[in-house]
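The values are calculated or read from the model by the stated rules, or taken from the named source; none is laboratory data. Keep in mind that what you see is a predicted model, and the values were worked out from it rather than measured. Methodologically, a virtual Cβ is constructed for each residue, glycine included, from the backbone with ideal geometry; neighbour enumeration extends over all protein chains shown. Side chains are part of the model used for accessible areas, which takes the heavy atoms of the whole protein and leaves out ligands, DNA and RNA. Shrake-Rupley method; radii C 1.70, N 1.55, O 1.52, S 1.80 Å.
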Amino acid sequence: MLAQEIPPPEWTSFFDSFSRQHHGWLATLEVFGSEVGAQEEAHELPLEGVSVASEREAAESITISLGKTPEDHVSHTINQPAHVWLEQTSERVNAALEIESEDKSKTLLRFRSPVPPEFVDGVVAE
């Protein structure tokens with residue numbers, strides 16, 4: 001697995017593009033922290049998007065939204081994000097997104113099947 005850190009000034013444009021490219025992809029959301037341990041918050045729900053809330057030039061939070069209906073909707077917010085990594089397979093296909101906050105807790109968004117977007121374009125069921 002290859003990991004590429006996304007610099008903070010690029011987060012907004014990166015997440016806009018990432019969200020458009022992966023909208024509807026099945027994803028699992030896991031949270032790792034000293035107070036909560038390791039917890040799965042969502043399992044194979046369609047990705048709605050990832051957004052950044054910022055004030056001036058610093059990111060205040062990053063929110064990951066999953067689910068298609070109100071019954072299965074999950075929204076997870078990472079406050080004071082410090083690092084964002086995009087994990088890719090050896091074929092350079094996006095496999096996961098890892099976000100670390102200033103308190104060192106981590107959020108991992110993994111895709112069920114990492115495949116090149118051009119292979120699934122128009123195939124995601126409504």
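Residue count for region 42-53, restricted to those that are loosely packed, with under 15 Cβ neighbours inside 10 Å and in contact (Cβ under 8 Å) with a residue 24 or more places away in the chain: 1.
Please go through region 97-112 and give me each residue that is in contact (Cβ under 8 Å) with a residue 60 or more places away in the chain and not basic (K, R), ordered by number. Hits for region 97-112 are L97, E98, D103, S105, T107, L108, L109, F111. Filtered by the rule that a residue be modelled with pLDDT under 85, among the small types (G, A, S) and closer than 26 Å to E10 by Cα, region 25-70 gives G33, S54, A58, A59.
If the condition is being open to solvent by 20 Å² or more (accessible area, probe 1.4 Å), over 17 Å from E41 (Cα atoms) and assigned to a strand (DSSP E or B), then region 89-107 contributes only N94.
Is it the case that T28 is of a type in the set (V, I, T), out of contact with any Pro (no Cβ under 6 Å at 6 or more places or on another chain) and open to solvent by 30 Å² or more (accessible area, probe 1.4 Å)? No, not satisfied.
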